[in-house]
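Peer 1: For reference, the structure I am asking about is given below.
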Amino acid sequence: MYLEMLKRKKKGRFAFEEFMTDEAKELFKVVEAKKKKEVS
Amino acid sequence: MSKKITVGPVGYMPQSAPSMGVELSPEGKALLYGNIVEEEEAMRDAAKALLTMNNPTIFPGPQVLWDWREDVADKSAAILDLASEIPNCKIIPMPDYRPKYPKIDVKAEINPNHPNLTILDNKIKACVFIGVHCHYANLTLRMIRAGTSCYTVAMCAMMGHEEAMASIRDVHADSIVKFKDIVIQVRNELGIEHTTTMPPENPSLPKEDWGSLTPADYGEYRALIMSKKGEHVTAVE
Amino acid sequence: MSLNYMIPASKFKRYLPKDYVELVDYGPFGKKYSEVGVKNMGTYKELVEEHPMCSGCWMSYYIKIIFASLPNPEDTVTIGTAGCGRLAISQAAVPFIYGNYGDQNAMASGITRAFRLRFPDRQKDVITIAGDGGMMDIGFSMTMHAWFRREKFTTIMLDNEVYGNTGGQESGMSVEGAVLKMSPKGKNFGKMPAMQLAITAGCVYVVKMSPTNINKASKAIRRAIFAARNLGPTFIHVYTSCNIEYSIPTPDVFRDAKEKEKRSFCI
């Protein structure tokens, strides 16, 4: 199964249900920004 | 001296030592076969057992295997010195307490949940537990008494263990050195000749021979490393 | 529990079993996530490798993802309860605490609070990983109350829609009409709305997914852990099929997960 996943080259649409509060949204924005900074 | 706690196997579901009337020793004393004795007497008996019985082994627990406190370095050095003075002594570690599924490598490690497997497979007749947390040591020692014919020595940094044949309390680096001296003394009394040798390293450690690997060793993944028809692999990592 | 527990006493390294030496040398402890993580699985020593789960178990695959996604494996404690999952979770090189059936979230509450008192300067992650029975049936009250109290830890529910470990009884999370070995007439009522319950109870981050994509699954886990550190309870409801009780042939497990993703684990 794991291999099957590795082999899958075409990116499909992945649906999943996600809920976050406004606070969490803010937090993730900060985390993402930090990550981008580290990469650049 | 009547022996309350004897070398096993005493059978499935053994009566626990405290219920047989064994009490923990007071400070400065030790337990030998369930009786409170002088520390040196217990150490001498333990040394005799380690020197005369087959396959003596030291089982270091997580408290001395991992570098989590400052005194670990001294303690581990003292344990290795002790092991080097016992003829044919082996070290089989107990790195943590997680259960080993689907199978434990009995030559390489011991597990508190089924210590009898390691002891029976290696035909160990005398062993030392050191640096194992007390709640797991109690469990393990009773299991060994129940199912194997192994003489157990508990070297505990706290109050000792009733279930062991010889239990020494408040063990730190200096008491291990003292025990080593007693081992040398008893060895000389018994007339056993021995030159200091370090115990062999863990049998699981020698490197695998990659040169003799064949695609068949990769099982169902062999397709990944074999070149396809018409494919020429030029770059090699 | 801290990086020191992963460093062997210098003299003892040659007496440790190979597994542990590899964990020390090539494990994820003390490394950056970019060096390890799910994207690099296979290039480093993973926290859980051998496990006694059935062949084709989708749950064991997801448990591997959980452990590969941990941001701080050396400062993490996992708590589980009876069920298939704990067989693999207890094999990981991360401290695991086994709760009585259903009380994993109550225990996690206490442990999280104790960590915050004992290590005020360090971030310790607590994660409860249990099945649908432990989380939504038998441990329901303790799960809900931990959320109501806004305890700051992550809850992961491995939903296989059946009591797989005890022979196939229906659980609250089984789908309506599911015919199982121990419920031959089929289930009378539908799946419990775990996600809605979590949102109502005050979870700050809730995900319901079928983990067919490793990166998305990993991202959800890491987000849940980060949010739990700072804000409050987080919950991941994940579909991990039981191929034995639902008689899914091993090669079709992935297809089944994809189908679930399309049918009931999407918006």
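No lab work stands behind these numbers, since they all come straight from the coordinates. Predicted, not measured: the structure shown is a model, and the values here were computed from it. Cβ placement follows ideal geometry from the backbone for every residue including glycine, while neighbour counts extend to all protein chains displayed.
Peer 1: Which angle from 0 to 90°, rounded to the nearest 10, does the C-alpha axis of helix B:134-147 make with the longest principal axis of chain B?
Peer 2: 90 degrees
Peer 1: While we're looking at this one, here's another question. Can you compute the helix-only [θ] at 222 nm over chain C? Use -39500 (n - 2.57) per DSSP H run of at least 4 residues, normalise by all residues, nearest 500 deg cm²/dmol.
Peer 2: That calculation yields -9500 deg cm²/dmol at 222 nm.
Peer 1: Against the longest alpha carbon principal axis of chain C, how many degrees, from 0 to 90 and to the nearest 10, is the axis of helix C:58-69 turned?
Peer 2: Approximately 30 degrees, to the nearest ten.
Peer 1: Of C:Y61, B:L24, B:P102, which is farthest on the positive side of the dipole of the protein assembly as shown, counting Cα position, with +1 on Lys and Arg Cβ, -1 on Asp and Glu Cβ, and the Cα centre as origin?
Peer 2: It is C:Y61, whose Cα lies furthest towards the positive end.
Peer 1: State the Cα centre-to-centre distance between segment C:1-49 and segment B:10-62 in whole Å.
Peer 2: 36 Å
Peer 1: In debye, nearest 20, what is the charge dipole magnitude of segment C:1-53 about its Cα centre with +1 on Lys and Arg Cβ and -1 on Asp and Glu Cβ, if you could check?
Peer 2: 280 debye
Peer 1: Can you put B:K103, C:K191 in order of Cβ neighbours within 10 angstrom, beginning with the fewest?
Peer 2: Final ranking by Cβ density, sparse to dense: B:K103, C:K191.
Peer 1: Could you line up B:L50, C:L117 from fewest to most neighbouring Cβ atoms inside 10 Å?
Peer 2: C:L117, B:L50
Peer 1: With charges only on Cβ, +1 for K and R and -1 for D and E, what is the dipole size of the protein assembly as shown about its Cα centre, in debye, rounded to 20?
Peer 2: I would put it at about 2100 debye.
Peer 1: Now a separate question. Answer rounded, prolate or oblate for the protein assembly as shown, using the Cα gyration tensor with square roots of eigenvalues a ≥ b ≥ c: rounded when a/c is under 1.5, else prolate when a/b is larger than b/c, else oblate.
Peer 2: Prolate is the answer for the protein assembly as shown, as a/c is 1.5 or above and a/b outweighs b/c.
Peer 1: With each label point set 7 Å from Cα along the Cα-Cβ vector, what nm distance links A:D22 and B:V10?
Peer 2: The answer from the label model is 6.8 nm.
Peer 1: Any idea what the relative contact order of chain B is, in percent, if you count C-alpha pairs under 8 Å spaced at least 6 apart?
Peer 2: It rounds to 26 percent for chain B.
Peer 1: Here's another thing I want to ask about it. Considering Cα pairs under 8 angstrom that are at least six residues apart, work out the relative contact order of chain C and quote it in whole percent.
Peer 2: With pairs under 8 Å counted, the relative contact order is 18 percent.
Peer 1: Within 10 Å of each Cβ of C:18-28, how many other protein chain Cβ atoms are there on average?
Peer 2: Mean partner shielding for this stretch: 3.
Peer 1: Further, regarding this structure: Angle, helix B:72-85 long axis vs. longest principal axis of chain B, Cα atoms, 0 to 90°, nearest 10?
Peer 2: Around 80 degrees separate the two axes.
Peer 1: Which lysines, if any, have their Cα less than 16 Å from the Cα of A:K25, not counting same-chain residues under 8 positions apart?
Peer 2: A:K34, A:K35, C:K219
Peer 1: Could you order peptides B:55-66, C:93-104, B:183-194 by the average number of other Cβ atoms within 10 Å of their residues, highest first?
Peer 2: B:55-66, C:93-104, B:183-194
Peer 1: Please list the three semi-axes, largest first and in whole Å, of the ellipsoid equivalent to segment B:18-190, using sqrt of 5 times the eigenvalues of its alpha carbon gyration tensor.
Peer 2: 22, 18, 17
Peer 1: Quick check for me: using +1 on Lys/Arg Cβ and -1 on Asp/Glu Cβ, what's the dipole size of segment B:18-190 about its Cα centre, in debye to the nearest 20?
Peer 2: Approximately 800 debye in magnitude.
Peer 1: For segment C:101-188, which trypsin sites (Lys or Arg not before Pro) are in a loop by DSSP, counting at most 10 other Cβ atoms within 10 Å?
Peer 2: The qualifying sites are C:K185.
Peer 1: For segment C:173-236 and segment C:93-153, compute the distance between their C-alpha centroids and round to whole Å.
Peer 2: 16 Å
Peer 1: In peptide B:88-100, what is the residue-averaged number of other protein chain Cβ atoms found within 10 Å of each Cβ?
Peer 2: Mean shielding count: 4.
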